[in-house]
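Encoded as structure tokens, the structure appears first; notes follow it.
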Amino acid sequence: MEKEEFRNMLLDAIDEDHHHEVEAWLENAERGFERIADAMNWPVEQIRDFYKLIGFEIKVAQAQEDIGKQ
């Protein structure tokens, strides 16, 4: 997954009020992704794909929460 695609996926899953926090986290996370990728000898895109699964889980949990409120 490309960096911009990953960023957009996260921002879509988070309330707009928290976008600035996500942006700050992403700056730090990208450096971490690069270190992990180097250590594992994997492309950084594969590391982002792993975290994409976490983002998907967040979105599913939010959807379930929204359904429970109805």
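Determine the pairs where a residue that is assigned to a helix (DSSP H, G or I), located within the stretch 39-57, has a partner that is among the β-branched types (V, I, T) and at pLDDT 90 or above with Cβ atoms under 7 Å apart, the partner being 6 or more residues away or on another chain.
These pairs meet every condition: I47/I36.
Based on what the data block shows, is R31 of a type in the set (K, R) and either exposed (fewer than 12 other Cβ atoms within 10 Å of the Cβ) or in a loop (DSSP other than H, G, I, E, B) (or both)?
Values: of a type in the set (K, R): yes; either exposed (fewer than 12 other Cβ atoms within 10 Å of the Cβ) or in a loop (DSSP other than H, G, I, E, B) (or both): yes.
In short, yes.
State yes or no: is I58 modelled with pLDDT under 85, surrounded by 11 or more Cβ atoms within 10 Å (Cβ to Cβ) and of a type in the set (V, I, T)?
Criteria met by I58.
Hey, could you check the stretch 34-55 for residues that are among the small types (G, A, S) and surrounded by 14 or more Cβ atoms within 10 Å (Cβ to Cβ) and say which is modelled with the highest pLDDT?
Taking the stretch 34-55 first, the residues among the small types (G, A, S) are 37, 39, 55.
Checking the rest, the ones that are also surrounded by 14 or more Cβ atoms within 10 Å (Cβ to Cβ) come to 37, 55.
Values: A37: 94, G55: 69.
For the stretch 34-55, the residue satisfying everything is A37.
The values are calculated or read from the model by the stated rules, or taken from the named source; none is laboratory data. Since we're looking at a predicted model, the values are computed, not measured. A quick note on method: Cβ atoms are made from the backbone with ideal geometry, for glycine too, and the neighbour counts reach across all protein chains shown.
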